[in-house]
Structures are given as C-alpha cells and as structure tokens.
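Only one structure is covered here, and it is reproduced in the block below.
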Amino acid sequence: MAEALQIALIKGDGIGVDVSDAAIAIVDAALARCGLPAFVYDEISAGAAYFRETGQDIEPGGEDRAGRADAMFLGAIGLPSVRYPDGTEISPHLRLRDRFGLYAGLRPIKAYPNGPQRLSDPRSGQIDMVILRESTEGLFYSAATHGRSQIIGDAEVRDTLRITRRTTEKLHDFGFRLARKRKSRGMAGRLTCVDKANVFASMAFFRKIFDEVSGAYPDITADYNYVDAQALDLVRRPWEFDVLVTENMFGDILSDLAGGLVGGMGMAACGEIGDDTGLFQPAHGSAPDIMGQDKANPLAAILSGSLMLDYLAEKRAAPAYADAAALIEDAVLRGFREGRLEPLEFGGTMGTRAMAAEVLALLADKSHVPVGVG
Ligand code: ATP
C-alpha cells in the first residue's frame, strides 16, 4: 500500500468548520473505495475567532507546518466583527498564497442537471469550463494587505498592476496542460487568453507570453478575448468555453460572474496551486449569517476536495488519486441527475449534514463505476 499523504487542515471560521468536516468525510470515503491509505490530517488553528482569543491569526509554526504537508485544505476564514486595528480582514490565507507562490487559481464552473440554471437558453445546461486566475500578482500585487498602494496624502492613490515573465510563463503553461488534461477527458481542448492587450502594456506582455508558450501545445486551440467582451460572452454563450486564463483581478470578477451562472457560492470550488504545494478551499466565505444552523451547502468544499485529489494524483504520479477525485465528481453529478441532492441554498430541503450523508451514500454505491476509473 502507498504511503499515507499529509494534509494541513485549517477549518477556520463560521461555516468553514461544517463544510470542512463534510468534505473530509467524503474524501476519506473516496480514498477507502480506491484502496488508498487514509490521509493524515494536521489540523492548524487559524482565523478570526482564533485571532480574537490569541491576538494571532494562525497558531505559532502553523504556516511552516502547512507548507510541509502534501497539500492544504481550508474551510473559510473571517468574521465581520473581528478585524485588525486598521479595519482590514483577518487573512492568513492571502499570506499562505504569497508565501507558497500559489499562482494558479482554479475555479471550475459546471452546470449540473436539475441544478440551478440562471439562463433560459437550454444550452446553459452544457456549461463546463475552468477559469484559471493568476493569484499572486496582477492588480492584487498592491492590494491593501500587502501595503504597496501608493497613497499621496488625501489627493491621490495609485495601485500597480504587475505582470512578470516568470509567473506568466508558468501560468500559461499550467493553462495549456490543464486544457490538454481536459481534452483527454473528452472536453474541447481550448485555452482562451482573457486580457486587455489593446490598452495596457502589461496585458500585451501577458498575451505575448501566451503566444510564446502556445507553440509547445499544437494540439490545443489557443485563442483570445478582451475581458469586457468575455464578460458579455459569459452571459451570451458560456457553453462555448473550455479553459480561460487571465490576470488576477479580471479572474476575481469573471469567476464570480461565471459561478453565478450555475448556482451560488455553495457550488464554487477552488484550488490554488504553486510549484511545490496547493491549497484547496470553497470560494465562499464563512457566511456568518447561516453559521451553526446546518444550512450551508457543502458541495463547494466537497468538490474542492476532489480538486485536491486530482492535484495529488499529478504531484505524486499516482493515478489512483485521480480515480478518487472522479468518484466524488461522479457522485455529485449522479446526485443531481437523480434528484437526490436538493440543497437548502437552492430552495431544497437538505442542510449540510443531509447533503454530506447523501454524497456518501452515492459514493458507497459500488454497482456504479464512472467511465475512466480503473
Ligand atoms: P467573504 O468576503 O469572506 O467571501 P462574504 O460575506 O462576502 O465573505 P460569503 O461568506 O461567501 O461572502 O457569503 C455570501 C452569501 O452567500 C451569504 O448570504 C451566505 O449565506 C451565502 N453562502 C456562502 N456560502 C454558502 C454555502 N456554502 N451555502 C449556502 N449559502 C452560502
């Protein structure tokens, strides 16, 4: 049997705790079904509630431990009532992202049968794309948490958009490899560079590097869209896109827009991957308005767990982890198709625990083996 992998687990605040518990239970069940050893979880205290108790946003040594694990899983962090003295949010997450260079932000956007569909065109049932958001530079380079905004008295403030060759080459390469992987799983094999190359030198540079990298991937269709046109197209014809690669701020906005097309925050899975490690978390926050009420939809966290398994398959060159990921995705797909998953978030009757129990039941059904799982 393969060695057990180590996962740094930060459940965080609010619904982060409930959805992490749900995701971990399902990841563990998928590992067991594939005959893989259970993960060893290193639980790390962090977040706004921890800050309120201790004055620190993560436990001492927590960042180092997180970096030593094979991957990190995070629930959600932040409570509106707990802030730093300057009013900014408690955010060890952004520090982890910077420290470990987690440049490749993955946001899969997929329509599920009987799931929420916001567009009346029936083709919106075919939406299945990934937005790849650069996550360490771009306009977030000078975000308030980094203290790099240039504040000129009370007269002017400047924020800088930074694009480096080093990160952008890796980002585009990641995008092409992702499109190739999806092509091997039956998708179109297309990567669209979303930029504003007609206006900004930084964006022309972003596109120039895209063109350079594309030469190594003749099997993948490479094309472009300006970000404003992309916003329009995400509403007009979202079913036509496969993988979109874009700058940090553009990706921040477009991924929420695209996520809205197929549901709410409870469906928004997310992975942030760097050269050495990856962090997986639902894209939603701690949702204090519904915390402690068993109302949160755990699917974003569960699908983030599936992304983590897929990542570990590549990192460890161990395809069985990709099988475990496919089992989870298939369980969610079947659950929607068969009308067995009806989250409260979309007007159904199932809270966090009921949803997790149903996904576990779907996973346990050994009469069903998804295509491609060996
Ligand atoms: P942050 O800035 O940390 O993202 P936020 O308050 O802006 O926090 P969320 O915490 O994601 O955003 O919550 C936004 C809305 O979406 C809230 O009304 C919340 O209840 C709802 N929401 C978020 N996640 C879920 C979920 N998993 N299931 C159901 N509803 C959710």
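Since every read-out is calculated from the coordinates, none of them should be taken as a lab result. Keep in mind that this is a model prediction, so the values were computed, not measured. Don't worry about glycine lacking a Cβ; one is built from the backbone with ideal geometry, like all the others, and counts go over all protein chains shown.
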| field | Relative contact order [Cα under 8 Å, 6+ residues apart], the chain, whole percent | value | 22 percent
| query | Roughly speaking, what is the stretch gain from residue 40 to residue 340, that is 0.36 nm per residue apart minus the C-alpha to C-alpha distance, in nm to one decimal? | reply | 104.9 nm
| task | Compute the distance in nm between two label points, each set 7 Å from the Cα along the Cα-to-Cβ direction, one at residue 237 and one at residue 82. | result | 4.8 nm
| query | Roughly how many whole Å is it from the C-alpha centroid of the range 123-186 to that of the range 239-315? | reply | 15 Å
| request: In nm, give the distance between the simple-model label positions of residue 361 and residue 54, each being 7 Å from the Cα along the Cα-to-Cβ direction. | output: 3.9 nm
| task | Give, in nm to one decimal, the length gained when the segment between residue 152 and residue 64 is fully stretched (0.36 nm per residue of separation minus the Cα-Cα distance). | result | 28.0 nm
| note | Per the charge dipole of the chain (beta-carbon charges, Lys/Arg positive, Asp/Glu negative, Cα centre), the residue among 221, 335, 261 reaching farthest to the positive end is 221
| Distant-in-sequence amide H partners of residue 79 (H built 1.01 Å from N, under 5 Å) | 48, 90
| message | If I histogram all Cα-Cα distances within the chain using bins 10 Å wide from 0, what percent of pairs lands in each bin? | response | 5, 24, 34, 27, 9, 1, 0
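Tell me the relative contact order for the range 117-261 as a rounded percent, counting alpha carbon contacts under 8 Å between residues six or more apart. Can you show the working numbers first?
Details: 217 pairs, mean separation 54.3, N = 145.
Relative CO of the range 117-261 lands at 37 percent.
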| query | Where the only charges are on Cβ atoms (+1 Lys, Arg; -1 Asp, Glu), what is the dipole of the chain about its Cα centre, to the nearest 20 debye? | reply | 800 debye
| message | I need the phi-derived Karplus couplings for the range 214-228: 6.51 cos²θ - 1.76 cosθ + 1.60, θ = phi - 60°, integer Hz, Gly and Pro marked x. | response | 4, x, 7, 10, x, 7, 10, 6, 10, 9, 10, 8, 6, 4, 5
| query | Of 88, 62, 51, whose Cα points farthest to the positive end of the dipole of the range 41-98 (charges on the beta-carbon: +1 Lys, Arg; -1 Asp, Glu; origin at the Cα centre)? | reply | 88
| said: From Cα pairs below 8 angstrom and at least 6 apart in sequence, can you work out the relative contact order of the range 198-298, rounded to a whole percent? | reply: 15 percent
| query | What is the spin-label model distance, in nm, from residue 94 to residue 275 if the labels are put 7 Å beyond Cα along the C-beta direction? | reply | 2.4 nm
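Output the pairs from 170/208; 110/366; 181/315; 315/366 with a Cα-Cα distance over 21 Å in this structure; if there are none, say none.
110/366; 315/366
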